[in-house]
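Input: a single structure, listed below in structure tokens.
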Amino acid sequence: MKIKTLALVAALACGTVFAQGVEIKDAWVRTTVQGQKATGAFMKITAKDGVKLVGASSPAAGVTEVHEMKMEGDVMKMRAVPGGIDIAAGRTVELKPGGYHIMLMDLKAALPKDATVPLTLMFKDGKGVESRVELKVPVSAMPAHQH
């Protein structure tokens, strides 16, 4: 299988990144305090052609996974999404608190407000071709579009 790698580094505080037919807007990582070992990354992803978000990685975390939170009966459950998240052509999927998100676990250091976190998103198209988008995501206590 051929792997296409696209390295696109951008500050996303209020910006938009386009790569491989994928648009990423309003990305942010929630702040943490000393000793906190996990946080979430959130954003809006739109695909020109259908793709699947199949993974993520960050040097700021020992483990980075695509997760989902949802209610099961009376219990809110969070878990890794097996197989990734489908992003249909022309549709936007929002990764947000309480829903789909990128989970950063085993953090190597606290993530204070106004820091940035390197984050690589891995996508797969309908033919199985992989691509990567490399981001520098701002750390904030609230969504980027609410600043």
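General observations
- Projecting the Cα atoms of V133, A88, Y100 onto the charge dipole of the stretch 16-139, computed from C-beta unit charges around the Cα centre, puts V133 farthest toward the positive end.
- For K48, the lysines whose Cα falls under 29 Å of its own Cα, not counting residues fewer than eight places away in the same chain, are K2, K4, K25, K70, K96, K124, K127, K136.
- Cα principal axis extents for the stretch 82-124, largest first, Å: 36, 20, 20
- All aspartates and glutamates inside 17 Å of K113 as judged from Cα atoms, apart from same-chain residues fewer than 8 positions distant: D26
- In plain terms, the residue of D74, D114, D125, D26 with the fewest other Cβ atoms within 10 Å comes first and the most crowded comes last, giving D74, D114, D125, D26.
- Using θ = phi - 60° and Karplus 6.51 cos²θ - 1.76 cosθ + 1.60, couplings along the stretch 47-57 (whole Hz; Gly, Pro as x): 10, 5, 10, x, 9, 10, 7, 9, x, 7, 8
- Counting only the Cα atoms, the stretch 16-139 fills a convex hull of 103 Å³ per residue.
- Environment charge at H101 (Cβ cut-off 14 Å; Lys +1, Arg +1, Asp -1, Glu -1): +2
- Ranking of M142, M69, M43 by neighbouring Cβ atoms within 10 Å, starting from the fewest: M142, M69, M43.
- Within the shell defined by Cβ-Cβ distances under 12 Å, the residues around M142 carry a net charge of +2, with Lys and Arg each +1 and Asp and Glu each -1.
No value in this document is a laboratory result; all are computed from the given coordinates. It should be emphasised that the depicted structure is a prediction, and the values quoted were computed from it without experimental measurement. Note: ideal-geometry Cβ built from the backbone for every residue, glycine included; neighbour counts use all protein chains shown.
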